[in-house]
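Colleague: Before we start, here is the structure in question, set down as structure tokens.
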Amino acid sequence: MIVNERVAIDHGLKKDEYSKICELLKRTPNITELGIFSAMWNEHCSYKSSKLHLKKLPTKGKKVIQGPGENAGVIDIEDNDAIVFKIESHNHPSFIEPYQGAATGVGGIMRDVFTMGARPIANLNSIHFGSPQHKKTKNLLRGVVHGIGGYGNCMGVPTIAGQTSFDSSYNGNILVNAMTLGLVKKDKIFYSKAAGLNKPVIYVGSKTGRDGIHGASMASASFDEKIEEKKPTVQVGDPFTEKLLLEACLELMAGDSIIAIQDMGAAGLTSSSIEMASKGNLGIEINLNKVPCRETKMTPYEIMLSESQERMLIILENGKEERAKKIFDKWNLDFAVIGKTTGSKKIEIYFDKERVADIPINTLVENSPMYDRKWKKAKLPKKNRIKKEDIKHLKIIDVLKKILANPNVCSKEWIWQQYDHTVMGDTIQKPGGDAGVVRVHGTNKAIAASVDSSAVYCWAHPLTGGKQVVCESFRNLISVGAKPIAITNCLNFGSPENEENMGEFVECVQGIGEASEYLKFPVVSGNVSFYNQTKDEGIKPTPAIGGVGLIKDYKNMITMEFKEVGNLVLVIGKTEGHIDQSLFARNILDEKNGPPPEVNLFNEKNNGETLLKLIDNNLIKSAHDVSLGGIITAVAKMSIKGKKGINIIKPKYLINEVEYFFAEDQGRYILEINRKDFKKVTDILNKNAVHFDELGTITENELYINDKTKVTIDELSTSNKSWLNKFMS
Amino acid sequence: MKSSVITFPGSNCDRDMDVALKKFGFKNKMVWHADAELPKSDLVVLPGGFSYGDYLRCGSMASKSKIMQSVINFANSGGIVMGICNGFQILVETGLVPGVLLRNKYLEFICKNVFVKICDKHNKYFKNVNNEVLEFHIAHNEGNYFCSNDQLKEIEDNNQIAIKYCDKNGKIEDQFNPNGSIKNIAGIFNKGKNVLGMMPHPERMIDTSLSGEDGSLFFKNLINNLK
């Protein structure tokens, strides 16, 4: 095939990018080389529109062992233990083929984690669908949930937490973000940096097929009416093979044969071989006739660009091939020496004794394009004033029931019951709480993890929204008694070529950076997904934040359900009555304008750290952060889970009842304490200048407001649990 | 007491079972599916997971593993063999216990706590258990037990039904059946009652911090009965 500008454009490259390639090579690339460039220079692999801004994120900290740039981030959890974790998107494939798209998303992120030597111990996910009324939503939701379960359940890794939302902006472009945590000994972490000349390059795992060719390029473009034609670019997952690959890799890693290891994810053999060589400042030579292929007559182009799953590339110490092969034979996996490291600093590909590609590695990596895209700053919208006549007919309990049944608030049990969340025998907090918690096997330590996003806030004001998501993650970890350590982010946005979408990206990243800096909650890994749009319509900006924290003694873990009748309930953090962009404003008042709630980082940190002090002093019986739906929704959820009622007395603030109960001011938690500890608790709160309200007392089985209005907890529970079951049946 | 847990390619509850058995006093060995001989054991466990990916009928590939001939011989000579979840599916495929396991009625994987009623206590597994009802945990996609009417009559006549899904008071009704199993069956014995296949995972219920403690009760009782 003759390569020219038109062919390059068909590969998703821009005109000037193609001229730059010719200039760098000092010749026209052949088709295989063009394929390699297009795979390495697309948005998904090169981060060309985002790099400039991602650099500003805080990535260092006392507990950070490895920040962004490796297969996943690594944090120290003491006693020579470390946690490896990352979140990644698989949005485009999941919209085209929900089961396989979601399944391979889960498979891919687990590989990123065990590539580093860690055994995966928990999975999480953040999934976002179009409006429930949209004709595709139900099938997409079912397919994605089956896909996530199908892969994770078979691997035997518990899915311990997640987030699901519905919004019409995802009608044509759903989001599927998968996160994995793995456990590794600090001195047994594996990296992807090649070292040494003439070291054997080993291919292990599944055979290479024609699936997923150009998957990464697909993920770097918008959808149009021809998306169905893109089905062949979606990879097909085989969790059984991945389970074997996991066990075989960990067995090999127990020895000392591996110099570097990298999974074949986006852009398959191309990006894995180039990244390893680039990090080691080496060259790499590969003979494609040695690559195990599933199909006959595969061309060099196809082999290099296939995204077949469950494959790894390893650089071994010389002479360790036999021992390594034995392990992979035992697990019935392919093992092939396909090349070696060289000093040429080039990638040289051979096929049928001919050299079919010869590219200096720096042209693919360091010389890849980087854009300072134009972006538009978002203005802070004007506040709305609630009109008395709009709310005077509203009954708090009726509104509460509506909110509990709202698709974005309702119980997601239908989803997480389909995920094995108890395998491995260490899940001590299941999905449905503020964060999932797993014990560090065989120790008293436990790891808490949650995944959050607030697209509505980010859409209303990206800078505030970016900060808010990080704070929400911080709060969710603290609510279960964990000390927050670090985050991973999955940045889902529209087209970077659109100034408004790019502005959303830039300002969300700025917000994330500010909050994570202030809270000492650094970003250690992540992924950017642009072009989440169909034709010209982009999604609401949806950065998803995966937070990880440590509980030193798992017996001190906190859960959210109310524990004991007679206990006192407090709210900490001040309620100012911010209604704009709240679930109440959007769904009850149908008011979609206005700014999101303000984020005060000082209060976030102070309130959170003070709560951790109370937990350390064993003064907290249950805790839950206040988020969507405000105080009363948070309290109702604690009641539902604990099967207990509460008698609420609204504090005598100036703001009205509706504002007090439904406002979404930030930095707040609901706490249950024993009455006899009241003085001890309030002394600590006062000493730390944390505002608190006495909200009420736990009762048998009814929720009372100001001694008059009441509703049974069973009734609230039914509102909360029935929507999703009905929707899916 | 010595136990053996068989690891098949795709087993994923083998470690959990190892942890549980050791916790309650068994000296456990992990046995590879391609081995020919079972080590000397008082108990053999086929653990949960997705042996061979469950790509063919669940359990059918594993039932033909090299080690299975020894397991079958061991069972036929009265040895205690327990299959949990995928292990139950493997047992069914070997013919050691009757019936088949179909896809769950609602076609969805299901992971949750359930109650089961003990239907027979004249066996090593449930003898001396004081409770009539246990809280166990299930996590499966193919746990819908089915057999022919003749087989059903036979297993009922022989008291081969081990446990049935029920509510916390032991009431056996359709609404407490999570997967559509015939007669709410959650576990069955072979004729000799030395072989037990069941869908619930007692190894996930061995700690108050986990889903519950009825698994502890089960294992403590089992080891005492085997002594």
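Each reported figure results from applying straightforward, stated rules to the coordinates on display, with no laboratory input. A quick note: this is a predicted structure, and the numbers were derived from the prediction, not measured. Cβ: placed from backbone, ideal geometry, glycine included. Neighbour counts: every protein chain shown.
Colleague: Apply 1/(1 + (r/R0)^6) to the Cβ-Cβ distance of A:Arg385 and A:Asp553, taking R0 = 45 Å, and write down the FRET efficiency to the nearest 0.05.
Modeller: FRET efficiency, A:Arg385 to A:Asp553: 0.40.
Colleague: Compute the acute angle (0 to 90°) between the alpha-carbon long axis of helix A:98-114 and the principal axis of greatest extent of the alpha-carbon atoms of chain A; round to the nearest 10°.
Modeller: That helix lies at roughly 80 degrees to the long axis.
Colleague: Once R0 is set to 56 Å, what does the formula 1/(1 + (r/R0)^6) return for the Cβ-Cβ distance between A:Glu322 and B:Lys22, expressed as a FRET efficiency to the nearest 0.05?
Modeller: With a Förster radius of 56 Å, E is 0.95.
Colleague: Oh, and also: Using the per-residue mean of other Cβ atoms lying within 10 Å as a proxy for protection, in what order, highest first, do the peptides A:370-383, A:281-294, A:712-725 fall?
Modeller: Highest to lowest by the protection proxy: A:281-294, A:712-725, A:370-383.
Colleague: Peptide B:7-17: average number of partner chain Cβ atoms within 10 Å per residue?
Modeller: Average neighbour count from other chains, rounded to a whole number: 5.
Colleague: In degrees from 0 to 90, rounded to the nearest 10, what is the angle of the helix A:239-253 Cα long axis to the longest principal axis of chain A?
Modeller: 80 degrees
Colleague: Same structure again: Over chain A, what is the relative contact order in whole percent, taking alpha-carbon pairs under 8 Å and six or more residues apart?
Modeller: The value is 15 percent.
Colleague: Where a ≥ b ≥ c are the square roots of the eigenvalues of the C-alpha gyration tensor, would you call the stretch B:1-75 rounded, which needs a/c under 1.5, or, failing that, prolate if a/b is larger than b/c, or oblate?
Modeller: oblate
Colleague: A follow-up question, please. To the nearest 20 debye, what charge dipole does the stretch B:2-226 have about its Cα centre, counting +1 at the Cβ of each Lys and Arg and -1 at the Cβ of each Asp and Glu?
Modeller: With Lys and Arg at +1 and Asp and Glu at -1, about 440 debye.
Colleague: Let me make sure I get this right: for the stretch B:2-226, a, b and c are the square roots of the gyration tensor eigenvalues over alpha carbons, sorted descending. Under 1.5 in a/c it's rounded, otherwise prolate if a/b > b/c, else oblate. Which is it?
Modeller: rounded
Colleague: Next question, about the same structure. Would you mind calculating the gained length between A:Glu413 and A:Lys330 on full extension (0.36 nm times residue separation, minus the Cα-Cα distance), in nm to one decimal?
Modeller: Additional length available on full extension: 25.9 nm.
Colleague: Express the relative contact order of the stretch B:2-226 as a whole percentage, based on alpha carbon pairs under 8 Å and six or more residues apart in sequence.
Modeller: Here the relative contact order equals 20 percent.
Colleague: Which residue, A:Tyr170, A:Gln418, A:Met638, has the largest displacement toward the positive end of the dipole of chain A when charges sit on each Cβ (Lys, Arg +1; Asp, Glu -1)?
Modeller: A:Met638
Colleague: For a protection proxy built on the mean count of beta-carbon atoms within 10 angstrom, sort B:60-66, B:113-119, A:171-177, A:123-129 highest first, please.
Modeller: Final packing ranking: A:123-129, A:171-177, B:113-119, B:60-66.
Colleague: Taking R0 as 56 Å, what FRET efficiency do you get between A:Asn362 and B:His122 from their Cβ-Cβ distance, rounded to the nearest 0.05?
Modeller: 0.15
Colleague: Which of the peptides A:531-540, A:342-351 is most tightly packed, and how do the rest follow, going by the mean number of other Cβ atoms within 10 Å of each residue?
Modeller: A:531-540, A:342-351
Colleague: Please give the calculated 222 nm ellipticity per residue for chain A, where each DSSP H segment of at least 4 residues contributes -39500 (n - 2.57) and the sum is spread over every residue; nearest 500 deg cm²/dmol?
Modeller: -10000 deg cm²/dmol
Colleague: Now for a different question. Out of all DSSP beta bridges in the stretch A:46-159, what portion is antiparallel? Express it as a percent rounded to 5.
Modeller: That works out to approximately 75 percent antiparallel.
Colleague: Counting only DSSP beta bridges with both residues in the protein assembly as shown, what percent are antiparallel, rounded to the nearest 5?
Modeller: 75 percent
Colleague: Measure nothing but the geometry: give the 0 to 90° angle between the long axis through the Cα atoms of A:499-518 and the longest principal axis through the Cα atoms of chain A, rounded to 10°.
Modeller: Between helix and principal axis, roughly 70 degrees.
Colleague: A follow-up question, please. Can you compute the modelled spin-label distance between A:Arg355 and A:Asp10, with each label point 7 Å from Cα toward Cβ, in nm?
Modeller: In this crude spin-label approximation the distance works out to 2.7 nm.
Colleague: What's the average, rounded to a whole number, of partner chain beta-carbon atoms within 10 Å of each residue's beta-carbon in A:401-411?
Modeller: So the per-residue partner count for this stretch is 0.
Colleague: Would you please classify the overall shape of the protein assembly as shown from the alpha carbon gyration tensor, given that a ≥ b ≥ c denote the square roots of the eigenvalues, rounded means a/c under 1.5, and beyond that prolate means a/b larger than b/c while oblate covers the rest?
Modeller: oblate
Colleague: Would you mind giving the mean number of other chain beta-carbons within 10 Å of the Cβ of each residue in A:575-588, as a whole number?
Modeller: 0
Colleague: Nearest 5 is fine: what % of DSSP beta bridges in chain B come out antiparallel, could you say?
Modeller: 60 percent
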